[in-house]
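Undergrad: There's a structure below that I have some questions on.
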Amino acid sequence: MGTPGEGLGRCSHALIRGVPESLASGEGAGAGLPALDLAKAQREHGVLGGKLRQRLGLQLLELPPEESLPLGPLLGDTAVIQGDTALITRPWSPARRPEVDGIRKALQDLGLRIVEMGDENATLDGTDVLFTGREFFVGLSRWTNHRGAEIVADTFRDFAVSTVPVSSPSHLRGLCGMGGPRTVVAGSSEAAQKAVRAMAVLTDHPYASLTLPDDAAADCLFLRPGLPGMPPFLLHRGGGDLPNSQEALQKLSDVTLVPVSCSELEKAGAGLSSLCLVLSTRPHS
């Protein structure tokens with residue numbers, strides 16, 4: 001799958017949202033998700049925030065939990081951000097659509113240009129969108145349809161936007177991600193490999209690729225911190241999560257690996273890309 005990565009700019013801010021009791025009690029399940037260990041989920045979330053702030057040097061903005069929004073911590077589904085533009089998504093589930101309101105305000109306060117999805121026929125989850133630095137891939141999944149992908153293309157006209165069928169009950173970012181400025185990492189399942197093959201056919205910018213034993217391990221975040229002299233980081237599943245993939249990740253020699261665990265939050269459908277929004281520009285203060 002050129003030299004992508006220039007568009008993966010240096011990051012300055014990260015946005016997360018606290019874990020409400022309603023998620024831990026299973027009220028956010030909706031489709032039969034198990035109840036969570038609230039204390040463990042909150043510890044995982046706290047460690048993630050700490051790594052973003054202290055290890056990566058980002059300015060962390062933490063929204064408080066809202067009991068009426070049990071899946072609120074999965075705020076990566078609510079916006080697609082590139083440069084100074086934030087596209088506010090339209091989640092497939094009507095119950096999740098109120099989640100975008102607090103995210104919209106937070107991003108407005110940071111000075112981003114807000115683009116709304118006004119088409120009621122469009123659905124889009126942010127974790128179905130993979131930005132490589134040169135182009136966007138939008139997964140067509142249970143949560144995201146063609147009209148949603150068209151709005152991504154209309155919003156980010158400086159970049160090519162291609163659609164990738166997702167043949168599993170997962171978001172695109174649950175199957176593959178960027179492991180570096182020129183490397184796509186993907187799980188070993190047929191659905192993940194099928195998505196990577198589709199991307200390879202669609203792109204004009206060949207990428208190196210790395211296959212991981214676990215699909216969930218490919219849901220990682222490649223970040224260039226804004227502080228001078230700091231190397232690029234790869235925030236990935238660690239801390240005992242997905243041990244079979246840890247050795248494979250060591251092959252990514254051009255990044256500093258930063259492991260975090262989200263095994264408890266994963267029960268609610270959370271992956272790393274859904275638990276935070278990272279801004280790759282310096283917003284207005």
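What follows is calculated from the coordinates using simple rules that are stated; it is not laboratory data. As the structure is a computational prediction, the values presented were derived from the model and not from experiment. Because the Cβ atoms are built from the backbone with ideal geometry, glycine has one as well, and the counts that use them run over all protein chains shown.
Undergrad: Using the crude model of +1 on Lys and Arg Cβ and -1 on Asp and Glu Cβ, and no other charge, please compute the dipole size for the stretch 124-233 relative to its Cα centre, in debye to 20.
TA: Value, rounded to 20: 140 debye.
Undergrad: Further, regarding this structure: Given the -39500 (n - 2.57) contribution per DSSP H run of 4+ residues, what per-residue ellipticity at 222 nm results for the chain, rounded to the nearest 500 deg cm²/dmol?
TA: So the helix-based figure for the chain works out to -6000 deg cm²/dmol.
Undergrad: Nearest 5 is fine: what % of DSSP beta bridges in the stretch 187-285 come out antiparallel, could you say?
TA: For the stretch 187-285, the DSSP antiparallel bridge percentage is about 35.
Undergrad: Further question on the same structure: Mind grabbing the base-10 log of I(q)/I(0) for the chain at q = 0.07, 0.16, 0.17 Å⁻¹? Debye formula, identical points on the C-alpha positions, no solvent, two decimal places.
TA: The calculated log intensity ratios at q = 0.07, 0.16, 0.17 Å⁻¹ are -0.21, -1.35, -1.58.
Undergrad: If every alpha-carbon in the stretch 137-251 counts as one equal scatterer, what log10 I(q)/I(0) does Debye give at q = 0.14, 0.15, 0.18, 0.20 1/Å?
TA: Values, matching the q order: -0.61, -0.70, -0.97, -1.13.
Undergrad: Straight-line reach from Lys51: which lysines have a Cα under 21 Å away, not including same-chain ones fewer than 8 places off?
TA: Lys40
Undergrad: State the answer as a single residue: which of Ile103, Phe159, Thr144 lies farthest towards the positive end of the charge dipole of the chain, with beta carbon charges of +1 for Lys and Arg and -1 for Asp and Glu, about the Cα centre.
TA: It is Phe159, whose Cα lies furthest towards the positive end.
Undergrad: Tell me whether the stretch 46-161 comes out rounded, prolate or oblate; compute the Cα gyration tensor, take square roots of the eigenvalues as a ≥ b ≥ c, and use a/c under 1.5 as the rounded threshold.
TA: Cα axes put the stretch 46-161 in the oblate bin.
Undergrad: Here is a further query. List the lysines whose alpha-carbon lies under 16 Å from that of Lys194, not counting same-chain residues fewer than 8 positions away?
TA: none
Undergrad: Could you give the size of the charge dipole of the chain about its Cα centre, using +1 on the Cβ of each K and R and -1 on the Cβ of each D and E, expressed in debye and rounded to the nearest 20?
TA: Details: 26 positive and 32 negative charges, 127 e Å.
Computed charge dipole of the chain: roughly 600 debye.
Undergrad: Computed over the Cα atoms, what is the radius of gyration of the stretch 177-216 divided by 2.2 N^0.38 Å, N being its residue count?
TA: Ratio of Cα Rg to 2.2 N^0.38 Å: 1.07.
Undergrad: Any chance you could list P(r) for the stretch 47-93, counting all Cα-Cα pairs in 10 angstrom bins from zero, rounded to whole %?
TA: 21, 42, 34, 3
Undergrad: Evaluate the relative contact order of the stretch 168-285 (contact order divided by residue number), counting alpha-carbon pairs under 8 angstrom at least 6 apart; express in whole percent.
TA: 23 percent
Undergrad: Now for a separate question. Each label point is 7 Å from the Cα along the Cα-to-Cβ direction; what then is the distance between the points at Asp119 and Lys105, in nm?
TA: Result for the modelled spin labels: 2.9 nm.
Undergrad: At 7 Å along the Cα-to-beta-carbon direction for both Asp158 and Arg197, put a label point, then send me their distance in nm to one decimal.
TA: Calculated label separation equals 3.5 nm.
Undergrad: For the stretch 105-178, what Kirkwood radius comes out of the mean inverse Cα-Cα distance, in Å?
TA: 12.9 Å is the Kirkwood radius here.
Undergrad: Taking the Cα centre of the chain as the origin and placing charges on Cβ (Lys, Arg +1; Asp, Glu -1), which of Gln54, Leu75, Thr89 is farthest toward the positive end of the dipole?
TA: So the residue we want is Gln54.
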